[in-house]
Structures are given as structure tokens and as C-alpha cells.
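Quick note: the coordinates plus some simple rules give every number you see, no bench work behind them. Note that the structure is a prediction, hence the values are computed from the model and not measured. Using ideal geometry, Cβ is built from the backbone for each residue, glycine included, and neighbour counts are taken over all protein chains shown.
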Amino acid sequence: MTAVTESPELIELRDEPQRREWEAFTLSGLPEMITSAHACHAVQALAETPLLDRLRSGPHSPDALLAGMNQDIGTGFLHYLANRGIVEHRDNEYFLTRRGDFLTTDVSLARLGVYFDAYPTITSHIGDLLTNKAVYGKDITRNGAALGAHCATLFSFFHTPVVLKAMQGRNVTRMLDIGCGGGQLIVDACVQDPTLTGIGLDIAPDAIEVANDLAKRHGVEDRAKFVVGDAFAPSTWPDVCFQADGLCIMSALHEHFRNGEQAVIDLLNDIDARFPDQRILLVGEPEIRFDSRENDDDFFLVHVLTGQGLPRDRSAWLPVFEKSNLRCRRVYTRPEAGPRMCFYDLVAR
Ligand SMILES: C[S@@+](CC[C@H](N)C(=O)[O-])C[C@H]1O[C@@H](n2cnc3c(N)ncnc32)[C@H](O)[C@@H]1O
């Protein structure tokens, strides 16, 4: 006769203080916030490892997906991704869901990378910055190479066509990109126009390295040169910069507001004086809305934390140009883009 094992007695404990405490946590939205943060790290990890390329090439068994990787962690990670609806598991094979596809487009990964690759060194130290235990630029810095690479992807997708349109018909032969980041604009422009040469200047040596690599990869390294330099001190720029007849400053000029509005006006006047024959000076600037749509508050936060002058909208930029020796003759916009940008086409008065 087999012994019948008695089920243990189950005692469920409930009391009002505990119930209210748990309710406060669940209704706070924090569970979803934690889940979102981890999902961002997870997508970032997909992109950083061979997993994403393997998943993109079609359904694979776990063994094929995890070849050369930590099997235990990988098995659990794939299970987690399935829980989050990023991959699906069917017939012992994993594949990206439609949501997984959308999360891993080049634009989505670049938007994610700005916040989870370039800025985590800053956003994980908000307390230290607030209490002056850390100072941005001295104790902690953003990842310049990552920022350059992700901005380059976004710029190439949304904004290079606008810049090229603005340059059309201006007979620019040598373009200078001030604050060029990863160099995408100059490289794209040189690829599209075989008669064009370009120079990019940026203060971040790692971004310049990314830019020089990009030029090589596109076979335009003989026409596209990138140098380290301070955009806000034209007197220190290498001579090669002054051969340019078309200039642009994309998503960089607002950083000079940290030195006050007059500093921006003085810089524009200085550039105007040093390039008397320029055919175009195009200033591209993100337009911030100061609300929570389309990550605007995330964009705001990283600017606050890094002591950059905040991006402004066109109503705040136009008076700045008014006070300079330059006149804004045209504004180009592209509203549905990340970041949204305005391009100010400036000429000497
Ligand atoms: C948001 S990124 C934009 C990069 C690129 N122009 C684009 O639109 O994709 C701003 C760039 O300005 C550069 N930058 C900031 N301050 C600078 C300075 N004083 N001199 C030169 N570059 C600077 C940063 O290193 C960074 O690459």
C-alpha cells in the first residue's frame, strides 16, 4: 500500500498595512519603470553581442544563437526576451517578433544608444552631480565615441538630406563641419558629391577617431579629413579649416550657451570675420519642447546634467542671430525626427 502524503497546511497571511504598502508600490508605476529600464539594457546587450545579427538572419536554435557565448546566462536571457515579447520561441527556435524588429531598427538602436551607451556614465551619477561630489567633464564624462556614432546614424537618416538640400546651388567646394561628432555628414556629402572635399572638427578625440574610420570605410579618406579642435575658439583651429567655403555647425552651438548668450553671438561674428567668402553657414539645432513627448524630457535631462546650454526653439534662436552680424534668410525644419531639428541658413548682413 502506498503511503498517502498529506499536503502541508497553507496559511496565507494578509494584513492591512502590508496590503497598502504593496498597493503603493504597484500603483506607483515603479514596476513598469524597472521593467522598461531592464528591457533597454537587454536590447542594448542584443546589439552589443552577436545575438542581434544572428536573430536578424532568421530563426535559430538556442545552441546556434549562443555559440561562443555563456550558455547558462544566454539560455536565461533568451527566455527573458521571450517574456518581454522581443523574441518568440517556437519548435526549439528563437526569432525576433515584430516588436523585436522595431526595437532594433538602426534608428531605434541609435536613439537607445544615446541614452544607454553614451550617457549612462552621467545618468547613473545624478546624486553625485547634485551634491558636487562629481563634476561633469572632470570626474565623469559621457562616452564621446558612442555619442558620435549614434548621432551619426540619426543625422544621416533624418538630417543629411536637409543639409544637402540647403547647400544645393551654393557651389560649395570645401565644407567645414564644426563639432562634427562621428563625421557622418562630411562622409555622406563626399560620397554623394565626388567633387567635394570636407573637414570635420570636434573636441572629442574618440569621435574624431570614429570619423576617420568612417571616411576610410567609405573610401573618401583622401577628401574627408577630421581634426581635433575647439569649435568655440576659431583662433586655435588648424589652417586647413580656413580653406572651407561652406560651413555648418550641427547640434553643437547650443553647448556654447553655457558661456552665455553673448559668447554665442561673439563666436558667430568671429566665424563670419574669418570666412569672408563663405557661401553658406548652416546652423542646425535641436528644438526642445520641455515636455515628455518623444523623449523630450530625457533629452532635457542629459543636457541639464552635463551643463550644456539647453537647446532652444526657433523663437529663441532668431533673436540671437538678430544680435549678430549674420542674417537668417531661411529656416528648414524636419518635425518627425529624433532629435527634431531646425536648420538656420545664415549670411552676412
Ligand atoms: C550632439 S553631438 C552632434 C554631432 C554631429 N554634429 C551631429 O549632428 O551628429 C555634439 C558634438 O559637439 C561636440 N562639441 C561639443 N563642444 C565642442 C567644442 N567646444 N569644440 C568642438 N566640438 C565640440 C561634441 O564632442 C559632439 O561631438
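From the square roots a ≥ b ≥ c of the eigenvalues of the alpha-carbon gyration tensor of segment 37-104, which class results: rounded (a/c under 1.5), prolate (a/b over b/c), or oblate? Cα axes put segment 37-104 in the rounded bin.
Remark: segment 303-319, residue by residue, has Karplus-estimated 3J(HN,Hα) of 6, 4, 5, 9, x, 7, x, 6, x, 10, 8, 5, 5, 8, 7, 4, x Hz, where x stands for each Gly or Pro and the curve is 6.51 cos²θ - 1.76 cosθ + 1.60 at θ = phi - 60°.
Take the chain, mark every one of the GluC sites (Glu not before Pro) that falls in a DSSP loop and has at most 15 other Cβ within 10 Å, then report the longest stretch left between them, sites excluded. Mind showing how you got there, number by number?
Values: sites that count: Glu6, Glu9, Glu12, Glu336.
The longest uninterrupted stretch comes out as 13-335.
Sorted ascending by nearby beta carbons within 10 Å, beginning with the fewest, Tyr119, Tyr332, Tyr344 become Tyr332, Tyr119, Tyr344. Among residues other than Ala204 with Cβ under 12 Å from its Cβ, the summed charge is -4 (Lys and Arg +1, Asp and Glu -1).
Between Thr333, Thr75, Thr123, the GNM of the chain built on Cα springs shorter than 10 angstrom shows Thr75 fluctuating the most.
Fewest first, what order do Leu176, Leu196 take by the number of other Cβ atoms within 10 Å? Write down the numbers at each step before the final one.
Numbers: Leu176 26, Leu196 19.
Ranking Leu176, Leu196 by Cβ neighbours within 10 Å, fewest first, gives Leu196, Leu176.
For Ile199, nonlocal amide neighbours, meaning residues 5 or more places apart or on other chains whose placed amide H falls under 5 Å from its own, are Met175, Leu176, Asp177, Lys225.
Could you work out the relative contact order of segment 73-203? I mean the mean sequence separation of Cα pairs under 8 Å and 6+ apart, divided by the number of residues, in percent.
Working: 138 pairs, mean separation 22.5, N = 131.
17 percent.
Maximal additional length on extending the Thr236-Ala39 stretch stands at 66.5 nm, based on 0.36 nm per residue less the C-alpha distance. Principal-axis analysis of the Cα atoms of the chain puts helix 144-154 at an angle of about 90° to the longest axis. Among Met250, Met167, Met33, which one shows the biggest mean-square fluctuation in a GNM of the chain, springs joining Cα atoms closer than 10 Å? Residue with maximal mean-square fluctuation among Met250, Met167, Met33: Met33. Remark on Ile280: its backbone amide H falls under 5 Å from those of Leu247, a criterion applied only to residues 5 or more positions apart or on other chains, H modelled at 1.01 Å from N.
Can you give the relative contact order of the chain as a percent, counting alpha carbon pairs under 8 Å and 6+ residues apart? All intermediate terms of the calculation are to be shown ahead of the outcome.
Values: 531 pairs, mean separation 40.7, N = 349.
Reported as a whole number, the value is 12 percent.
Mean sequence separation of contacting Cα pairs (under 8 Å, at least six apart), scaled by the length of segment 1-96, corresponds to a relative contact order of 22 percent.
Answer rounded, prolate or oblate for the chain, using the Cα gyration tensor with square roots of eigenvalues a ≥ b ≥ c: rounded when a/c is under 1.5, else prolate when a/b is larger than b/c, else oblate. Kindly include the intermediate steps, with their values, before the conclusion.
Details: a/c = 2.77, a/b = 1.84, b/c = 1.51.
In terms of gyration-tensor shape, prolate.
Along segment 37-50 the Karplus relation, 6.51 cos²θ - 1.76 cosθ + 1.60 evaluated at θ = phi - 60°, assigns HN-Hα couplings of 4, 5, 4, 4, 4, 5, 5, 4, 5, 4, 5, 7, 10, x Hz to successive residues, with x for each Gly and Pro.
Working note: Karplus 6.51/-1.76/1.60 with θ = phi - 60° gives segment 57-74 the couplings 7, x, x, 9, 6, x, 4, 5, 5, 9, 3, x, 10, 6, 5, 5, 5, x Hz, where Gly and Pro are set to x. Every helix of 4 or more DSSP H residues in the chain counts as -39500 (n - 2.57), and over all residues that averages to -12500 deg cm²/dmol at 222 nm.
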